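J.: Below is one structure. I have some questions about it.
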Amino acid sequence: MSKPETGAPAPELVKGLGVWDATLVTVGAILGTGIFITTGDIARVVPHAGLILLLWLAGGLVTMAGALTYAELGGLFPRAGGQYHFLKEAYSPFWGFLYGWAAFLVIMTGGIATLAVGFGEYLGAFLPFFSTQHVVLALPLGWKTLEINGGQVAGALAITLLTAINYIGLKEGAGVQNAITLVKIGSIVGLGLLGLFGPAPVSPQLVSGIPTGGVLAAMGVGMIAVLWSFDGWYGATNLAGEMRRPGRDLPMGLILGTAIVTLLYTLLNVVYVRTLTLEQMVATSRIGESAALVLFGPMGARLINVAVLISTFGCISSTILYAARIYLPMAQDGLFLPSLAKIHPRYKTPAACILAQGLWSVLLTFSGSYEQLYTYVVFAVVLFHALTGAAVFVLRRKRPDAERPYRTWGYPLVPLVFVVSSAALVVNTLLEKPTESLIGLAILALGVPAYLYWRRTATYGRETS
């Protein structure tokens, strides 16, 4: 006989987000440093201005296919947690757990740490104390000396500040994120339009002179770099449980956000190919800064560094906001730390998840191993995307009569394009980085005993309650 319930009802997440928020979270989660760097890397393998622009447009279309695919899943499971629920419901709780395990251990927290130190590096251009070249503290540990640089300090401060803001409320976290994203959009549009309507130092060949030998293979390599620059487009799915009308708001937010970023990326790349020769693109590691230097002089280069600084800070903000929602349903299902299952009674946020994520991200920031760890799980990231894309087909078969507020436009072709693209990335990652991929699989394998432990604990708890 069960015990009668006593006390006040358990607090719930606030349903306070709409289309506007979902759109800006999508834009904010994508726009980081990639667009200011990646085109130079692409030019080294695809030395043709027209093909470079084509790759960015194609990357936007593939990402849009992913957004259309995830939109159906988000409408089907309008809960906090996104991919955790999609994988759990399509395959089994084990697959949902593995994704959440990797997300907390490295994917999301390692991504936050990498962005945070990148933020510090750009901040160091204005405040030398925060430069990654400035060693603030050296700690001898016996087997090695742990050096903490200014970039890590700046990154840790950024994580701490944004974690605190997200802790005290959805409105506060989303409000800061939205404001920063609007500034990002404005700065990119401003720089792009100034470059577009100003005199063009270069007359790029957009059609003629296309290389013939191995062009498809080269474009495949370039496409990988483009798609990584679009990473984060799925972030809003984790916030579905806090949307007023998730069946409408989430699909529109994913689609509008992806479309906006595709237009922004195309705009900046048009400026790049009109400003820099292919030789100049190949020679630079910061193409945004190089283009601004040619167009506007040293002051323009400093302005682009400000834009990158804002963009990176905003990307940290977006990631902290949406990623913390992954761990809450895991803990509530009994498959993660029990202390993370609670919602703050006053702020109505997954406060414990936000704190745990912030603490681990800061530790990774100071460890100096965040980039290496993130490299190891690249294989896992693309594998989970392929599995999640395929979940649309699985769930159409398993639950044909389930209510779907949104059905993927262009089904089955559109989700198939996304799944095939993701699978190609999986294969390429295995071929290009076999050692790192195997280590990534080992990190995932560490989740197996953890899953078995928490599942047994949850089962025992249910039997004794």
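The values are calculated or read from the model by the stated rules, or taken from the named source; none is laboratory data. Remember, predicted model here, so these are calculated numbers, not experimental data. Cβ placement follows ideal geometry from the backbone for every residue including glycine, while neighbour counts extend to all protein chains displayed.
J.: When you go through 172, 242 one by one, which is the residue that is in contact with a strand residue (DSSP E or B) (Cβ under 7 Å, 6 or more places away or on another chain) and on the phi < 0 side of the Ramachandran plot? Show your work before the answer.
T.: Working: 172 fails: in contact with a strand residue (DSSP E or B) (Cβ under 7 Å, 6 or more places away or on another chain).
Being in contact with a strand residue (DSSP E or B) (Cβ under 7 Å, 6 or more places away or on another chain) and on the phi < 0 side of the Ramachandran plot holds for just one of 172, 242, which is 242.
J.: Do we find a residue being outside any helix (DSSP H, G or I), at positive phi and more than 22 Å from the chain's Cα centre (by Cα) anywhere in region 292-302?
T.: In the first step, residues of region 292-302 are kept if they are outside any helix (DSSP H, G or I); the result is 297.
Subsequent filtering for residues that are at positive phi retains 297.
Next cut, more than 22 Å from the chain's Cα centre (by Cα) only: 297.
Among the residues of region 292-302, at least one is outside any helix (DSSP H, G or I), at positive phi and more than 22 Å from the chain's Cα centre (by Cα), which makes the answer yes.
J.: Now, a different point. So which of 282, 261 is touching a residue at least 40 places away in the same chain (Cβ under 8 Å), crowded, with 24+ Cβ neighbours inside 10 Å and not in a loop (DSSP other than H, G, I, E, B)?
T.: Values: 282 fails: crowded, with 24+ Cβ neighbours inside 10 Å.
One residue alone meets the criteria, 261.
J.: Can you tell me which residues in region 240-297 are within 30 Å of residue 72 (Cβ to Cβ) and β-branched (Val, Ile, Thr)?
T.: Within region 240-297, 255, 258, 260, 261, 262, 266 qualify.
J.: Can you find even one residue in region 33-46 that is in contact with a helix residue (DSSP H, G or I) (Cβ under 6 Å, 6 or more places away or on another chain), closer than 28 Å to residue 240 by Cα and in a loop (DSSP other than H, G, I, E, B)?
T.: Here is the first cut: in region 33-46, the residues in contact with a helix residue (DSSP H, G or I) (Cβ under 6 Å, 6 or more places away or on another chain) are 33-36, 38-46.
Still in the list and also closer than 28 Å to residue 240 by Cα: 33-35.
So of that shortlist, the ones also in a loop (DSSP other than H, G, I, E, B) come out as 33.
Yes.
Listed here are the residues, each with its yes/no results for (1) of a type outside the set (D, E, K, R); (2) over 20 Å from the mean Cα position of the chain (by Cα).
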position	(1), (2)
348	no, yes
351	yes, yes
358	yes, no
363	yes, no
377	yes, no
383	yes, no
386	yes, no
396	no, yes
402	yes, yes
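J.: Same structure again: Scanning region 116-152 for residues that are of a type in the set (A, V, I, L, M), out of contact with any Ser or Thr (no Cβ under 9 Å at 6 or more places or on another chain) and modelled with pLDDT of 85 or more, which turns out nearest to residue 306 (Cα to Cα)?
T.: So the first thing to find is which residues in region 116-152 are of a type in the set (A, V, I, L, M), and the list is 116-117, 123, 125, 127, 135-139, 141, 146, 148.
From the residues that got through so far, the ones that are out of contact with any Ser or Thr (no Cβ under 9 Å at 6 or more places or on another chain) too are 127, 135-137, 141, 148.
Then keep just the ones that are modelled with pLDDT of 85 or more; that gives 127, 135-137, 148.
Numbers: 127: 12, 135: 23, 136: 24, 137: 27, 148: 24 Å.
If we take residues in region 116-152 being of a type in the set (A, V, I, L, M), out of contact with any Ser or Thr (no Cβ under 9 Å at 6 or more places or on another chain) and modelled with pLDDT of 85 or more, then 127 is nearest to residue 306 (Cα to Cα).
Conditions (1) buried (at least 17 other Cβ atoms within 10 Å of the Cβ); (2) under 30 Å from residue 141 (Cβ atoms), marked per residue:
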position	(1), (2)
367	no, yes
382	yes, no
403	no, no
406	yes, no
409	no, no
415	yes, no
432	no, no
437	yes, yes
442	no, yes
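J.: Please verify whether residue 22 is closer than 29 Å to residue 219 by Cβ and of a type in the set (Gly, Ala, Ser), treating the condition exactly as stated. Outline the logic, then answer.
T.: On the way: closer than 29 Å to residue 219 by Cβ: no; of a type in the set (Gly, Ala, Ser): yes.
Here the answer is no, as residue 22 does not meet what is asked.
J.: Another question, if that's okay. Considering each of 247, 334 in turn, give the residue that is small (Gly, Ala, Ser) and not in a helix (DSSP H, G or I). Write out each step before concluding.
T.: Numbers: 247 fails: not in a helix (DSSP H, G or I).
Checking each option against the conditions leaves just 334.
J.: Is it the case that region 191-213 has a residue that's assigned to a helix (DSSP H, G or I), surrounded by 22 or more Cβ atoms within 10 Å (Cβ to Cβ) and more than 19 Å from the chain's Cα centre (by Cα)? Working first, answer last.
T.: Residues of region 191-213 assigned to a helix (DSSP H, G or I): 191-197.
Going one step further and asking which of them are surrounded by 22 or more Cβ atoms within 10 Å (Cβ to Cβ), we end up with 191, 195.
Then drop every residue that is not more than 19 Å from the chain's Cα centre (by Cα), which leaves 191, 195.
Yes: one or more hits.
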